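> The structure is given below, and queries will be raised subsequently.
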Amino acid sequence: MMNKLKAVIFDLDGVIVDTARFHYIAWRKMANDLGFDITLEQNEQLKGVSRVHSLNQILGWGNIQVSQPEFEALMRSKNEHYLELISNLNQEDLLPGVQPILDYLHQHQVPFALGSASRNARAILRGLKIDGMFSAIVDGNDVTKAKPHPEVFLIAAEKLGVAPDQCLVFEDAQAGVEAANRAGMRCVGIGDQNILGKADYVFSDFSQINTEFINQHILTD
Ligand code: B16
Ligand code: MG
């Protein structure tokens, strides 16, 4: 029998809430203002990676070079626009299937953490009214190395007081699955099997995950 794990780490964007569409609107507006466009396919490559990495990538696509102060200003104005776009996020924006699993883990005293690249993660969890449920929140403000580096998940495990190989990670991005693998954690991919094939399990969305799956993998008593 497979050994049972003690804790869960959730990615944010693409697992708990779909903020990718708002990142896309804000990055696209910035690119358009600079005179080029970005596609939804290109946006896929920005999932799970840091804000700095995203901007570097986008400027590369547009073949645009900027000074360091300009780079900072672009990041700032994109984020202001993004924050406006997400200002009305509320409980209804939780992705289907997430709340019942959080409630189930909570009822069974299974600790869970957030492991997100986003520097806006705390505000987003507050908007969704689930911030109080997490035993630990590790986000883009707490790390120096972005996914696929395992740092964000390793810090989360440490804060949970659980060894990395006792954690189950839910991730929607390739970079995140790689980070979980490098952290030595069991990983569930949420999304496309073709993209997330390196995860231990893949489900098309969170509503496919039931309490039976949780019981198989996590110590719930
Ligand atoms: P911010 P995750 C990631 O969140 C997003 O997937 C990624 O597209 C974004 O660039 C990154 O957060 C940084 O976000 O600009 O809010 O700091 O999937 O790691 O929860
Ligand atoms: Mg994600």
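The values are calculated or read from the model by the stated rules, or taken from the named source; none is laboratory data. These numbers come from a predicted model, not from an experiment. Virtual Cβ from ideal backbone geometry, glycine too; neighbours counted across all protein chains shown.
> Restricting the range 38-51 to residues that are more than 9 Å from ligand 1 (Cβ to nearest atom) and among the aliphatic types (A, V, I, L, M), which is nearest to residue 19 (Cα to Cα)?
Taking the range 38-51 and keeping what is more than 9 Å from ligand 1 (Cβ to nearest atom), we get 38-42, 44-45.
Subsequent filtering for residues that are among the aliphatic types (A, V, I, L, M) retains 38, 40.
Numbers: 38: 17, 40: 14 Å.
This residue is 40.
> Right, here's the next one. One residue is enough: does the range 42-54 have a residue meeting the conditions outside the structural domain of residue 143 (by TED's automatic domain parsing), on the phi < 0 side of the Ramachandran plot, more than 18 Å from the chain's Cα centre (by Cα) and surrounded by fewer than 16 Cβ atoms within 10 Å (Cβ to Cβ)?
No, that holds for no residue.
> Just name the residue that is surrounded by the most Cβ atoms within 10 Å (Cβ to Cβ) out of those in the range 178-221 that are β-branched (Val, Ile, Thr) and closer than 18 Å to residue 112 by Cβ.
Start the filter on the range 178-221 by keeping residues that are β-branched (Val, Ile, Thr), which leaves 188, 190, 195, 202, 209, 211, 214, 218, 220.
Filter once more, keeping what is closer than 18 Å to residue 112 by Cβ: 188, 190, 209, 211, 214, 218, 220.
Details: 188: 23, 190: 28, 209: 18, 211: 16, 214: 18, 218: 22, 220: 15.
Here the answer is 190.
> If residue 169 satisfies every condition in (1) closer than 21 Å to residue 210 by Cβ; (2) within 11 Å of ligand 1 (Cβ to nearest atom) but one, which is the exception?
Only one criterion is unmet by residue 169, namely (2).
> Filter the range 1-41 down to residues that are of a type in the set (Asp, Glu) and near ligand 2 (Cβ under 10 Å from one of its atoms) and give me whichever is surrounded by the most Cβ atoms within 10 Å (Cβ to Cβ). Reasoning before the result, please.
The initial filter retains those residues of the range 1-41 that are of a type in the set (Asp, Glu), namely 11, 13, 18, 33, 37, 41.
So of that shortlist, the ones also near ligand 2 (Cβ under 10 Å from one of its atoms) come out as 11, 13, 18.
On the way: 11: 28, 13: 23, 18: 13.
Per the stated criteria, the residue is 11.
> Of the conditions (1) under 21 Å from residue 120 (Cα atoms); (2) exposed (fewer than 15 other Cβ atoms within 10 Å of the Cβ); (3) touching an Asp or Glu at 6+ places or on another chain (Cβ under 8 Å), residue 96 clears all except one; give me its number.
(1)
> Right, next: Just one of the numbered conditions (1) more than 14 Å from ligand 1 (Cβ to nearest atom); (2) among the small types (Gly, Ala, Ser); (3) under 16 Å from residue 12 (Cβ atoms); (4) in contact (Cβ under 8 Å) with a residue 60 or more places away in the chain is not true of residue 132; which one?
It fails just one condition, (4).
> Given the criteria more than 15 Å from ligand 1 (Cβ to nearest atom) and hydrophobic (A, V, I, L, M, F, W, C), does residue 71 qualify? Break it down into steps so the answer makes sense when it comes.
Numbers: more than 15 Å from ligand 1 (Cβ to nearest atom): no; hydrophobic (A, V, I, L, M, F, W, C): yes.
In short, no.
> If you don't mind, there's one more thing I want to ask. Only one of 160, 125 is within 13 Å of ligand 1 (Cβ to nearest atom), in contact (Cβ under 8 Å) with a residue 60 or more places away in the chain and crowded, with 19+ Cβ neighbours inside 10 Å. Can you tell me which? Can you show your working first?
Numbers: 160 fails: within 13 Å of ligand 1 (Cβ to nearest atom).
Among 160, 125, only 125 is within 13 Å of ligand 1 (Cβ to nearest atom), in contact (Cβ under 8 Å) with a residue 60 or more places away in the chain and crowded, with 19+ Cβ neighbours inside 10 Å.
> With respect to residue 186, is the statement that it is closer than 16 Å to residue 5 by Cβ and in the same structural domain as residue 117 (by TED's automatic domain parsing) true? Step through it out loud before you land on a result.
Values: closer than 16 Å to residue 5 by Cβ: yes; in the same structural domain as residue 117 (by TED's automatic domain parsing): yes.
In short, yes.
> If you check residue 139 against the conditions, is it among the acidic types (Asp, Glu) and surrounded by fewer than 16 Cβ atoms within 10 Å (Cβ to Cβ)?
no
> Moving on to the next point. Grab the helices (runs of 4 or more DSSP H) fully contained in the range 1-110, keeping just those with 1 or more residues being free of Cβ contacts under 8 Å to residues at least 12 places away in the same chain and under 28 Å from residue 188 (Cα atoms).
20-34, 40-44, 98-107
> On to the next question. Taking the range 58-109 as the region of interest, how many residues are β-branched (Val, Ile, Thr) and either within 16 Å of ligand 2 (Cβ to nearest atom) or more than 20 Å from the chain's Cα centre (by Cα) (or both)? Break it down stepwise before answering.
Going residue by residue through the range 58-109, those that are β-branched (Val, Ile, Thr) are 58, 64, 66, 86, 98, 101.
Then keep just the ones that are either within 16 Å of ligand 2 (Cβ to nearest atom) or more than 20 Å from the chain's Cα centre (by Cα) (or both); that gives 64, 66, 86, 98.
Looking only at that region, the number is 4.
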